[in-house]
Amino acid sequence: QVQLVESGGGLVQPGGSLRLSCAASGLTPENDGIGWFRQAPGKEREGVACISRSDESTYYVDSVKGRFTISRDNAKNTVYLQMNSLNPEDTAVYYCAGGRVPTTKGPLYDFWGQGTQVTVSL
């Protein structure tokens with residue numbers, strides 16, 4: 001049974017930082033891709049970043065390049081999303097997802113966490 005559990009969300013002021021964690025259990029080596037997604041109220045889900053569990057290659061969407069960093073600790077089966085220089089447009093529920101390949105295309109993932117709320121506001 002595969003489970004993905006996000007943590008680390010909360011309320012932060014503009015310009016602040018948060019680190020999200022995605023603790024995974026039940027994944028096998030064939031589940032090589034881990035992605036972070038977010039969804040704001042009234043908007044569609046969008047990909048943020050992804051990483052390969054095998055070679056650590058990464059990809060970021062343009063809106064977060066230079067501000068967000070995705071990393072993983074395979075020994076702990078945990079993927080992180082370090083978010084710096086946060087702005088109100090980053091406010092959303094953040095989800096991690098697992099699948100066969102790393103991608104920011106949500107339909108290609110097989111497993112999803114429940115999400116963690118990130119709110120950027122004064």
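The values are calculated or read from the model by the stated rules, or taken from the named source; none is laboratory data. Since the structure is predicted, the reported quantities are computational estimates derived from the model, not experimental observations. As a convention, Cβ positions derive from the backbone with ideal geometry for all residues, glycine included, and neighbour counts pool all protein chains shown. SASA here: full protein model, heavy atoms, side chains in, ligands and nucleic acids out. Shrake-Rupley method; radii C 1.70, N 1.55, O 1.52, S 1.80 Å.
When peptides 88-96, 13-21 are sorted by average Cβ neighbour count within 10 Å, with the highest value leading, the order is 88-96, 13-21. Each Lys and Arg adds +1 at its Cβ and each Asp and Glu adds -1 at its Cβ; summed about the Cα centre, the chain shows a dipole of about 140 debye.
Counting only protein heavy atoms and a probe of 1.4 Å, the accessible surface of the stretch 2-122 is 48% carbon and sulfur. Taking all protein chains into account, the per residue accessible area for the chain stands at 53 Å² (1.4 Å probe). Isolated cysteines in the chain, defined as those with no second cysteine Cβ under 4.7 Å, comprise Cys50. Rg ratio for the stretch 1-56: its Cα radius of gyration over 2.2 N^0.38 Å, N being its residue count, equals 1.35. The coefficient of translational diffusion for the chain, derived via Stokes-Einstein from the alpha carbon Kirkwood radius under 20 °C and 1.002 mPa s, stands at 152 µm²/s. Using 0.36 nm per residue and subtracting the Cα-Cα separation, the extra length available between Arg45 and Asn84 on full extension is 12.0 nm. Taking a point 7 Å out from the Cα of Val2 in the direction of its Cβ, the residues of the stretch 48-63 whose backbone N falls within less than 13 Å of it are 53. Of the beta bridges in the chain, as assigned by DSSP with both residues counted there, near 95 percent are antiparallel.
Taking 12 Å as the straight-line reach from the Cα of Lys105, the aspartates and glutamates in range (excluding those fewer than 8 positions away in the same chain) are Glu46.
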